[in-house]
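The values are calculated or read from the model by the stated rules, or taken from the named source; none is laboratory data. Model, not experiment: these values are computed from the prediction. Because the Cβ atoms are built from the backbone with ideal geometry, glycine has one as well, and the counts that use them run over all protein chains shown.
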Amino acid sequence: MNIKNIAKQALYAAVVFSCGMTVTSCDDLLDTKPQGVFTDEQIGDDEAIDLMTSAYATLLNHYFGNNESFAGPINNWVFDVRSDDALKGGDGVTMEGYIHQLEVGNVQSDNDVANFKWRNNYFSISRCNTAIRGIIASSSISEQDKVSFVAEMKTLRAYYYFDMLRIFEKFPYFDETVENPSECRADQYTRNEIAGFIKQDLRDSYDVMPETQAEVGRFNRYVTAALLARVDLFTSDWAEAEKYAGYVIDSHQYQLYPNFLDMSKPEFNNQYESVLAIQFSSANSPDQYNFNNCLNCTWSEGNLYGNGDDFYLASQNLVNAFRTDANGLPYLNGMPDDKNVDAADFEGNVDPRLDFTLGRIGMPWRSHMYNEKWCRNLELYGQYSCKKPYPAPESPYVKPGIVPWGASSLNGLLIRYADVMLMKAEALIEQNKNLEEARTLINDIRSKAARSVDPAYAPIDCNPMVANYSVNEYPATGWSQDYARKAVRMERRLELAMEGLRWFDLVRWGNVVETMNAYYTSEGKIRSYYHGADLSANEIYFPIPVNQVDNAGDLYK
């Protein structure tokens with residue numbers, strides 16, 4: 001992310017906010033005038049622009065060290081581990097055991113992920129607020145630019161507050177006008193009130209932001225619209241979600257990738273489906289690598305990526321969801337039998353997105369043959385490593401042998417166009433409105449999947465000679481609201497698999513407890529560590545991290 005010079009990010013991260021490992025208390029996190037940083041009175045015109053750069057750099061989520069970026073990442077893969085889509089992976093259950101706790105439904109206030117997310121989000125929010133104050137105080141920035149710049153920062157701040165809303169039951173809310181955030185209580189506002197603040201900031205920002213930006217990575221009004229649509233879906237505001245997702249679609253600035261594999265090619269950064277993306281780089285400081293996914297890189301035979309830790313593997317439940325029937329449609333009402341898609345010689349039909357999303361033994365991985373030696377702990381966690389964040393190891397954008405493993409300049413897609421299309425489709429379906437338009441949106445995405453195995457695109461991650469690929473469009477016959485709802489929810493699972501969204505979808509659909517307890521039973525037939533796992537309604541959201549409670553006195557009790 002940059003406004004003036006991306007190379008300045010590390011400098012501003014260290015100088016402007018002193019975000020070092022020594023910062024531990026709640027007061028340090030939320031104080032507007034901490035020791036060793038600039039005060040508002042010291043911020044000149046150049047510094048105001050530089051503070052915007054520093055705020056954007058928060059998307060790298062690399063404040064305190066590698067582990068916090070790995071296990072409290074901006075792309076939220078650790079929350080997919082809470083869902084029926086993903087397994088922790090790695091060498092065993094004790095490796096990064098706090099993530100294993102999430103996988104088996106054991107939510108505790110001393111979990112490191114909770115503390116990582118809390119600290120990262122509030123450092124980021126504080127940077128946004130300081131940038132807003134600096135912009136407003138500037139004497140040389142034009143009033144028109146001030147309005148637009150502030151809107152960018154409010155959109156970024158809204159992203160982090162929405163992250164808090166999806167993760168924590170209670171948390172303090174403060175904006176740039178609050179003089180002493182360290183005095184804000186966690187129960188000052190209700191969840192509905194905070195959601196209202198987030199959405200109002202995004203509505204106001206959409207109206208004043210430009211349609212395009214000269215610098216890649218800076219937010220335009222369609223980033224704001226897409227984020228607002230996502231918040232609306234979480235709060236079941238279907239009409240507004242339809243409206244703002246429609247703004248993104250009607251802008252004609254975005255289109256589906258020609259081939260599903262294109263999302264894993266750095267050559268296509270900031271093109272096609274890229275609505276909101278983190279700008280990663282392997283050419284400058286290591287702090288700008290894709291740390292979000294480096295922990296998850298496959299073990300890789302021959303050390304092609306530098307021996308990844310092989311975290312974030314797919315569950316058998318997710319892999320089976322890619323099965324399709326004789327008509328090339330998913331099984332929306334459950335599988336016809338108990339057969340697992342557990343090998344490349346599975347005789348049934350599968351959606352080709354399976355092999356663009358996950359490694360499978362006997363199938364290609366970026367033109368290499370994926371086998372047992374790519375799997376770090378095959379017996380415990382199985383074989384299904386996530387492919388999406390990794391270009392081919394021979395790519396000039398990949399830095400093999402440089403820790404972190406799998407490091408590349410492939411951008412991190414936080415919102416992509418296919419997601420926005422599915423947002424609008426879901427909003428229409430929930431209103432029982434224009435169901436045919438919703439069907440068209442879903443079918444356009446399924447058509448992308450179908451054409452991705454066309455020999456004209458030379459796919460190197462699937463093999464039509466081995467797997468029976470079949471994915472077709474939904475017909476108009478029988479397209480009722482109930483059927484369409486099942487279809488759009490399944491499409492989100494298949495299209496957006498391993499992108500950190502499944503858990504949050506289950507939460508907002510209201511079926512997360514039922515889904516997860518059924519999953520623990522079914523997946524537990526394969527993985528014994530699920531025996532005894534369960535999820536209750538009061539374990540959906542994280543409690544406030546215990547060390548934050550201790551440091552905040554009575555504010556969080």
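Taking the options ASP419, ASP461, name whichever one is within 19 Å of the chain's Cα centre (by Cα) and buried (at least 18 other Cβ atoms within 10 Å of the Cβ).
Criteria check complete, one pass: ASP419.
For the range 332-363, which positions are of a type outside the set (A, V, I, L, M), in a loop (DSSP other than H, G, I, E, B) and under 26 Å from the mean Cα position of the chain (by Cα)?
ASP351, PRO352, GLY359, ARG360
For the range 54-97, which positions are among the hydroxyl-bearing types (Ser, Thr, Tyr) and surrounded by fewer than 24 Cβ atoms within 10 Å (Cβ to Cβ)?
Listed by number, the residues that qualify are TYR63, THR94.
Of the residues that sit in the range 367-401 and are charged (D, E, K, R) and out of contact with any helix residue (DSSP H, G or I) (no Cβ under 8 Å at 6 or more places or on another chain), which one is farthest from PHE291 (Cα to Cα)?
Among residues in the range 367-401 that are charged (D, E, K, R) and out of contact with any helix residue (DSSP H, G or I) (no Cβ under 8 Å at 6 or more places or on another chain), the one farthest from PHE291 (Cα to Cα) is GLU379.
Quick one: ALA225 ticks every box in (1) in contact with a helix residue (DSSP H, G or I) (Cβ under 6 Å, 6 or more places away or on another chain); (2) under 29 Å from GLY510 (Cβ atoms); (3) in contact (Cβ under 8 Å) with a residue 40 or more places away in the chain; (4) among the aliphatic types (A, V, I, L, M) bar one, so which box is it?
Of the numbered conditions (1) in contact with a helix residue (DSSP H, G or I) (Cβ under 6 Å, 6 or more places away or on another chain); (2) under 29 Å from GLY510 (Cβ atoms); (3) in contact (Cβ under 8 Å) with a residue 40 or more places away in the chain; (4) among the aliphatic types (A, V, I, L, M), the odd one out for ALA225 is (3).
Of (1) crowded, with 20+ Cβ neighbours inside 10 Å; (2) of a type in the set (Val, Ile, Thr); (3) not in a helix (DSSP H, G or I), THR212 satisfies all except one. Which?
That leaves (1) as the condition not met.
May I ask you to say which residue of ARG133, ARG191 is of a type in the set (D, E, K, R), out of contact with any helix residue (DSSP H, G or I) (no Cβ under 6 Å at 6 or more places or on another chain) and within 30 Å of ASP550 (Cβ to Cβ)?
ARG191
Out of everything in the range 98-108 that is β-branched (Val, Ile, Thr) and at pLDDT 95 or above, what residue ends up being surrounded by the fewest Cβ atoms within 10 Å (Cβ to Cβ)?
This residue is VAL104.
Okay, residues lined up against (1) among the β-branched types (Val, Ile, Thr); (2) in contact (Cβ under 8 Å) with a residue 12 or more places away in the chain; (3) out of contact with any Ser or Thr (no Cβ under 9 Å at 6 or more places or on another chain):
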residue: ASN75; (1), (2), (3): no, yes, yes
residue: GLY92; (1), (2), (3): no, yes, yes
residue: ALA114; (1), (2), (3): no, yes, yes
residue: ARG119; (1), (2), (3): no, yes, no
residue: ALA137; (1), (2), (3): no, yes, yes
residue: ILE141; (1), (2), (3): yes, yes, yes
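Just give me the residues in the range 162-188 being charged (D, E, K, R) and either more than 17 Å from ASN547 (Cα to Cα) or out of contact with any helix residue (DSSP H, G or I) (no Cβ under 9 Å at 6 or more places or on another chain) (or both), in sequence order.
ASP163, ARG166, ASP175, GLU176, GLU179, ARG185, ASP187
Specify which of the listed residues (ASP112, ASP91) is over 25 Å from LEU59 (Cα atoms) and charged (D, E, K, R).
ASP91
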